[in-house]
Amino acid sequence: MSARTHPDPAFRAADSFYAATAHPWAGAPALAGDTTCEVAVIGGGFAGLWCARRLAAQGKQVLLLEGGEIGRAASGRNGGFVSVGFAAGLDEIERKLGRDDARALFRLSDAGRQTVRDFCRETPDLGIAPVDGRLKVLRHADDGALKARVETLNAELGQDMVYWPRDKVRDHLKTDTYHEAMEDRQGFHVHPLNLARALAADCVARGVTVHEHSPVTALDRDDTGWKITTPGGTVRASQVVLAGNVAAGGEGASVWPALSRAIVPVATYVVTTERMGAKLHDAIRWSGSVSDTRRAGDYYRIVDGDRLLWGGRITTRVSEPTDLAETMRADIERIYPQLAPVKIAHVWTGLMGYCRHKMPILGELAPGLWACTAFGGHGLNTTATGGEAVADAIVGTDDRVKLFAPYRALWGGGPVGRIATQLEYWRLQALDWLEERRAA
Ligand SMILES: Cc1cc2nc3c(=O)[nH]c(=O)nc-3n(C[C@H](O)[C@H](O)[C@H](O)COP(=O)(O)OP(=O)(O)OC[C@H]3O[C@@H](n4cnc5c(N)ncnc54)[C@H](O)[C@@H]3O)c2cc1C
């Protein structure tokens with residue numbers, strides 16, 4: 001198997017472990033000719049799929065346009081961790097919105113996680129393969145702060161977290177790197193590409209018309225509503241949902257420039273190893289997911305019996321580094337030297353879409369034009385939260401989407417914004433390093 005990937009991370013998922021192990025999906029035809037619908041959803045990632053599914057469940061006539069294949073972008077190539085919260089931390093949200101609204105948002109993110117879990121339960125045969133448990137590990141001792149956090153999350157926010165002292169962590173994860181940990185018993189991990197495909201199949205079963213290979217090249221409004229143009233045809237719709245993440249955003253893309261400009265593409269990397277047999281289970285005695293608490297930390301889990309799926313690093317450079325497999329191999333061996341020599345089987349890149357405030361952009365941008373995007377690095381639960389909230393707002397059954405109103409599409413700063421984001425990442429990395437040195 002090749003350990004190189006296509007140079008354009010946004011437009012091919014074919015080299016990922018997920019693509020190699022994906023459940024079959026019938027595919028959907030490209031749009032050919034001119035048509036109409038009530039709601040058009042642009043983007044066949046989780047955000048678009050959850051939204052389309054919910055709209056169809058409430059009787060709307062929905063058409064979904066995906067530029068490539070369903071789940072080809074972030075949704076089909078991520079870590080697969082489903083956990084509570086947003087890309088922005090609860091403390092950050094609380095500082096901006098106050099305690100009540102921040103907690104209301106947190107609960108919505110929890111409901112999103114439950115929506116994903118329920119869907120996995122309803123569709124057990126489509127290879128989504130949920131596995132329970134998530135560990136958040138500290139690379140430094142923190143004098144009781146983690147323990148206090150666990151207590152708050154359980155007592156005040158209905159979570160089922162368990163504090164792990166250092167000895168317990170080291171019984172399960174055979175490395176000197178980690179100190180304490182927080183076990184999230186409601187967290188789980190999934191095969192994300194299979195989840196996307198299962199959602200698409202469910203959308204079709206509910207009557208959504210899905211078109212793959214139908215990139216939207218223009219979006220215009222006239223007296224009769226919205227007109228969407230693709231190379232093969234046009235769609236007229238009274239409502240449109242923009243769920244294109246960064247493939248539709250970033251510099252140059254202009255389906256809706258004010259939104260595109262707000263989203264900074266941030267690349268992150270994932271590998272899977274060749275099979276490692278018993279030595280992997282000796283090193284990692286835990287079937288759930290693991291991530292450390294650094295600002296751009298490592299995240300990993302065992303897949304396919306005895307392979308390690310490992311993600312990490314972030315950069316605003318969207319082209320793939322040439323030595324990526326080697327860099328990721330070294331990252332794994334630094335934490336688990338006993339696994340050396342690690343052999344990489346698959347390596348791929350994914351793009352996360354971040355707004356400056358690190359929260360999703362959800363809501364009506366112009367009459368009949370809705371945003372459901374910018375989920376950043378925390379989208380497995382929040383795309384369900386956001387997609388369904390936007391759908392309910394369109395149908396008019398619920399207005400919880402208004403809670404997200406303070407998080408508007410702020411300009412990302414163009415190329416300067418990218419540089420600023422990269423500098424900020426380096427600054428945070430340096431802080432993590434200092435924190436660890438101090439603890440050591
Ligand atoms: C490597 C990686 C690891 C991650 N790990 C995790 C994790 O473990 N847990 C977690 O919660 N989150 C994780 N995330 C974040 C999560 O994957 C995303 O937040 C989420 O998938 C975003 O979904 P989306 O539908 O908004 O975007 P996408 O999945 O990017 O989908 C957008 C879709 O829109 C389509 N599109 C764009 N423009 C157009 C157009 N003009 N016309 C038609 N179609 C268009 C694209 O082709 C694409 O398929 C990770 C992300 C990455 C990249």
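Structure values in brief
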quantity: When residues of the range 200-226 are limited to those that are outside any strand (DSSP E or B) and within 10 Å of the ligand (Cβ to nearest atom), the one surrounded by the fewest Cβ atoms within 10 Å (Cβ to Cβ); calculated: 217
quantity: Positions within the range 63-77 being in contact with a Phe, Trp or Tyr (Cβ under 9 Å, 6 or more places away or on another chain) and either closer than 23 Å to residue 153 by Cβ or in a loop (DSSP other than H, G, I, E, B) (or both), in sequence order; calculated: 67, 68, 69, 70, 71, 72, 73, 77
quantity: Qualifying residues in the range 336-385 (those that are near the ligand (Cβ under 8 Å from one of its atoms) and among the aromatic types (Phe, Trp, Tyr)) - the one nearest to residue 396 (Cα to Cα); calculated: 375
quantity: Residue under evaluation residue 392, criteria (1) modelled with pLDDT of 95 or more; (2) crowded, with 24+ Cβ neighbours inside 10 Å; (3) of a type outside the set (Phe, Trp, Tyr), criterion not met; calculated: (2)
quantity: Residue tally, condition crowded, with 16+ Cβ neighbours inside 10 Å and over 22 Å from residue 197 (Cβ atoms), over the range 123-141; calculated: 8
quantity: Residue 212 vs. criteria among the charged types (D, E, K, R), out of contact with any Lys or Arg (no Cβ under 6 Å at 6 or more places or on another chain) and at pLDDT below 95; calculated: no
quantity: Considering residues of the range 169-196 that are surrounded by fewer than 21 Cβ atoms within 10 Å (Cβ to Cβ) and among the polar types (S, T, N, Q) only, the residue nearest to the ligand (Cβ to nearest atom); calculated: 186
quantity: Cross-chain or 6+ apart pairs with Cβ under 6 Å, the range 70-96 first and more than 9 Å from the ligand (Cβ to nearest atom), then β-branched (Val, Ile, Thr); calculated: 86/382
quantity: Test: residue in the range 323-335 that is small (Gly, Ala, Ser) and within 14 Å of the ligand (Cβ to nearest atom); calculated: no
quantity: Where a residue in the range 337-359 is more than 18 Å from residue 308 (Cβ to Cβ) and in a loop (DSSP other than H, G, I, E, B) and its partner, wherever it lies, is among the charged types (D, E, K, R) and more than 15 Å from the ligand (Cβ to nearest atom), with Cβ under 8 Å and at least six apart; calculated: 357/96; 358/92
quantity: Residue selected from the range 29-62 under the condition part of a helix (DSSP H, G or I), out of contact with any strand residue (DSSP E or B) (no Cβ under 6 Å at 6 or more places or on another chain) and not aromatic (Phe, Trp, Tyr), by the criterion farthest from the ligand (Cβ to nearest atom); calculated: 57
quantity: Looking only at the range 86-101, and only at residues there that are of a type in the set (Gly, Ala, Ser) and crowded, with 19+ Cβ neighbours inside 10 Å, the one that is nearest to residue 379 (Cα to Cα); calculated: 87
quantity: Entirely in the range 228-300, the strands (runs of 3 or more DSSP E) that have 1 or more residues that are away from the ligand (no atom under 11 Å from the Cβ), more than 23 Å from residue 63 (Cβ to Cβ) and modelled with pLDDT under 95; calculated: 264-273, 289-292
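The values are calculated or read from the model by the stated rules, or taken from the named source; none is laboratory data. Just so it is clear, the model here is predicted, and its values are computed rather than measured. All Cβ positions, even for glycine, are placed from backbone atoms using ideal geometry, and neighbour counts span all protein chains on display.
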